[in-house]
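To start, the structure under review is shown below, and the notes come after it.
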Amino acid sequence: MDLWKSVREIEEDVVAYRRHIHENPELSLKEFDTADYVESVLKEIEGIGSIRRISPTGILAEVRGAKQGEARCIALRGDMDALPGDEMADVPFRSKRPGVVHSCGHDVHTALLLGAVRILARHRDEFAGTVKFFFQPAEEVLGGALQFLGAGALENPRVEAAVAIHVFSEHDAGIISSRKGPMLASADSLTIEVKGCQSHAAHPHTGRDAVVIAGQVIGALQTISSRFVAPTDPVVVTIGQISGGIARNIIAGSVTLEGTIRTVKPGTRDRVHRELEKMVPALAEAMGGSAVVEIQRGTPPLICDDGLVDRLQAVTEKLLGKDRYVSLPDPSMGGEDFAFIMEKVPGLFIRLGVKRPGGPVTPGHSVDFFADESAIAPGLAVFAGTALDFLGVPLE
């Protein structure tokens, strides 16, 4: 099939989808207008099989192939939520909602998924099987993917592969990248309650200073990655928030440390948790205090299937050229809740370059984030093309 012809015919519509969503951003679990808009677009697509709300703002759509043959099933995901912040990019479709902005590109992801639905529905006579489309809320709070799992979205028919696409501001617009194996880290929350004994600041020997104990704990945490784990195995333990004490002239009786733990291997994740739970209370006790460690497991590591990465590279090189695919050398320590899906089925995470060629890098989640719209056509071609290729449709 001539995929590029189909992409070019709807490119302007997909850009319009993106701009509408960008102008009307909504925070996680509040994507009501966005979900209504997506549903209204889906209802106008000829050949779509079903549209179902799996939560107040989550939508599962399906396109079923009409061809006889091996009936495979693949899922494509686009996340919809925005972030707190104010629009700084100088674009004519700036956010109309003060304090909310699409500074991570989820407007692009949702628009690309709508475009993919249109392409797969239009060409449903050319494949057997089913394509499921996950219009996902709440990625930024790492919970939306679980809604789809809870709704049984991977079953009836059983999903054999799952693919997500995400903008990447470090690569020029239209560059496609991924990597085999671990690509993104687990993201676990860490809370440490340090207890000492309050006393007069002028007489520290009469108490047990929770601030000093907490300081020693913070330093010791860095030995988890430097001395308990192989140097070639990435681990990050970060304390991002500290609170404690009641006055400058009082020895603090308690301090709370809050942070994050990032690992890329499931086995390492479990070991880091065990070492923290042993080390921190022992250190606090040795200094005359106590500590309680609470670790809340978040998203698991995101691990790409080797075969799907090979498929992506082949599709990209066929559709865009051999110089448009980049194999990422290292995993990122960022987290992504699509990893919950990829724990259940073989998965692929696609990076889509959106940096304006010759322009500066504008990192995601920053006030300066910018996604060049010249990335939309190649992103759509590869996103839809990977699904079509998986379903056995020859691409031109």
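Modelling each spin label as a point 7 Å along the Cα-to-Cβ direction, I'd like the HIS205/VAL345 distance in nm, to one decimal.
Roughly 6.8 nm, to one decimal.
Note down the net charge around PHE369, summing +1 for each Lys or Arg and -1 for each Asp or Glu among other residues with Cβ under 13 Å from its Cβ. Please list the in-between numbers first.
On the way: positive: ARG94, LYS355, ARG356; negative: ASP86, GLU87, ASP90, ASP107, GLU170, ASP368, ASP372.
So the surrounding residues net to -4.
Anything over 30 Å Cα to Cα? Flag those among LYS30/LYS180; LYS132/LYS318; LYS67/LYS318, in the order listed. Spell out each step's value before the answer.
Working: LYS30/LYS180 34 Å; LYS132/LYS318 24 Å; LYS67/LYS318 24 Å.
Check vs 30 Å cut-off fails for LYS30/LYS180.
Which trypsin sites (Lys or Arg not before Pro) in the stretch 170-260 pass both tests, a DSSP loop state and at most 10 other beta-carbon atoms within 10 Å?
Working: sites: ARG179, LYS180, LYS195, ARG208, ARG227, ARG248; in loops: ARG179, LYS180, ARG248.
For trypsin sites (Lys or Arg not before Pro) across the stretch 170-260 that sit outside H, G, I, E and B with at most 10 neighbouring Cβ atoms in 10 Å, the list reads ARG248.
Nearest-5 percent of antiparallel DSSP beta bridges in the chain?
Numbers: 45 of 68 bridges.
Of those bridges, close to 65 percent are antiparallel.
Relative to the present Cα-Cα distance, how much length would full extension add between GLU294 and GLU39 at 0.36 nm per residue of separation? All intermediate terms of the calculation are to be shown ahead of the outcome.
Values: separation 255, 0.36 × 255 = 91.80 nm, distance 4.04 nm.
Result: 87.8 nm gained on full extension.
For the stretch 347-370 and the stretch 158-223, what is the centre-to-centre distance using only Cα atoms, to the nearest Å?
Rounded to whole Å, the Cα centres lie 24 Å apart.
Assuming R0 = 41 Å, can you tell me the calculated FRET efficiency for the pair PHE32 and VAL361, based on Cβ-Cβ distance, to the nearest 0.05?
Details: r = 33 Å, r/R0 = 0.80.
Result of the calculation: an efficiency of 0.80.
Evaluate the relative contact order of the chain (contact order divided by residue number), counting alpha-carbon pairs under 8 angstrom at least 6 apart; express in whole percent.
Relative contact order here is 24 percent.
Which of the peptides 134-144, 270-280 is most tightly packed, and how do the rest follow, going by the mean number of other Cβ atoms within 10 Å of each residue? Numbers along the way, then the final one.
Details: 134-144: 23.7, 270-280: 17.4.
Output ranking for 134-144, 270-280: 134-144, 270-280.
Measuring with a 1.4 Å probe in the full set of protein chains, what accessible area per residue, in whole Å², belongs to the chain? Numbers along the way, then the final one.
On the way: 16650 Å² over 396 residues.
Heavy-atom accessible area per residue stands at 42 Å².
Apply the Karplus parameterisation 6.51 cos²θ - 1.76 cosθ + 1.60, with θ equal to phi minus 60°, to every residue of the stretch 66-77 and state each ³J(HN,Hα) to the nearest whole Hz, in sequence, with x for glycine and proline.
9, 7, 7, x, 5, 9, 8, 9, 10, 10, 10, 10
Assign one of three labels to the stretch 1-61, namely rounded, prolate or oblate, based on the Cα gyration tensor with a ≥ b ≥ c the square roots of its eigenvalues; rounded applies when a/c is under 1.5, prolate when it is not and a/b is larger than b/c, and oblate otherwise. Write down the numbers at each step before the final one.
Numbers: a/c = 2.86, a/b = 1.43, b/c = 2.00.
Judged from the Cα gyration tensor, the stretch 1-61 comes out oblate (a/c at least 1.5, b/c at or above a/b).
Given R₀ = 22 Å, what would the calculated FRET efficiency be for LEU146 paired with ASP125, taking r from the Cβ atoms and rounding to 0.05? Mind showing how you got there, number by number?
Details: r = 35 Å, r/R0 = 1.58.
That gives a FRET efficiency of 0.05.
For the stretch 1-130, calculate the relative contact order in percent as a whole number, restricting contacts to Cα pairs under 8 Å that are 6 or more residues apart.
Details: 205 pairs, mean separation 45.8, N = 130.
It comes to 35 percent, rounded to a whole number.
What distance in nm lies between label points placed 7 Å from Cα along the C-beta direction at ASP310 and GLU170?
2.6 nm
Place the peptides 94-100, 161-167 in order of packing, highest mean first, counting for every residue the other Cβ atoms within 10 Å and averaging per peptide. Please list the in-between numbers first.
Working: 94-100: 14.7, 161-167: 25.3.
Descending mean neighbour count gives 161-167, 94-100.
Carbon and sulfur together cover what percent of the accessible area of the stretch 91-233 at a 1.4 Å probe radius? Let's see the in-between values first.
Values: 2750 of 5240 Å².
C and S fraction of accessible area: 52 percent.
Quick one: Karplus J couplings for the stretch 151-167, per residue in order, coefficients 6.51, -1.76, 1.60, θ = phi - 60°, nearest Hz, x for Gly and Pro?
8, x, 5, 8, 10, 6, x, 5, 6, 9, 7, 10, 10, 10, 10, 9, 4
Once fully extended, how much extra length lies between ASP2 and ASN156, figured as 0.36 nm per residue of separation less the alpha-carbon to alpha-carbon distance?
On the way: separation 154, 0.36 × 154 = 55.44 nm, distance 3.03 nm.
So the chain would gain 52.4 nm between ASP2 and ASN156.
Rounded, prolate or oblate: which fits the stretch 113-188, taking a ≥ b ≥ c as square roots of the Cα gyration tensor eigenvalues, rounded meaning a/c under 1.5, else prolate when a/b beats b/c?
oblate
Among the aspartates and glutamates, which fall within straight-line cross-link reach of LYS265, defined as a Cα-Cα distance under 17 Å, with same-chain neighbours fewer than 8 residues apart omitted?
ASP188, ASP233, GLU275, ASP305, ASP306, ASP330, GLU336, ASP337, GLU343
Could you work out how far apart the two model spin labels at ALA66 and THR191 are, taking each label as a point 7 Å from the Cα in the direction of the beta carbon, and quote it in nm?
Taking the two extended label points, one gets 5.5 nm.
Shape verdict for the stretch 8-158, please, from the Cα gyration tensor: rounded (a/c under 1.5), prolate (a/b greater than b/c) or oblate. Don't skip to the answer; put the middle values down first.
On the way: a/c = 2.65, a/b = 1.56, b/c = 1.70.
Note, shape of the stretch 8-158 comes out oblate.
Taking Rg and Dmax of the Cα atoms in Å as the quantity of interest, determine which of (i) 20.2, 64; (ii) 23.8, 84; (iii) 19.5, 60 was computed from the displayed structure.
(ii)
Would you mind calculating the relative contact order of the stretch 205-301 from Cα pairs under 8 angstrom and at least 6 residues apart, reporting the percent as a whole number? Let's see the in-between values first.
Working: 115 pairs, mean separation 28.5, N = 97.
That works out to 29 percent.
Quantify, in whole percent, the carbon and sulfur part of the accessible surface of the stretch 260-396 (1.4 Å probe; protein heavy atoms only).
After summing per-atom areas, the C and S share lands at 50 percent.
The values are calculated or read from the model by the stated rules, or taken from the named source; none is laboratory data. Since the structure is predicted, the reported quantities are computational estimates derived from the model, not experimental observations. Counting neighbours? That spans all protein chains shown, and the Cβs are built from the backbone with ideal geometry, glycine included. The area values use the complete protein model at the heavy-atom level, side chains included, leaving out ligands, DNA and RNA. Shrake-Rupley method; radii C 1.70, N 1.55, O 1.52, S 1.80 Å.
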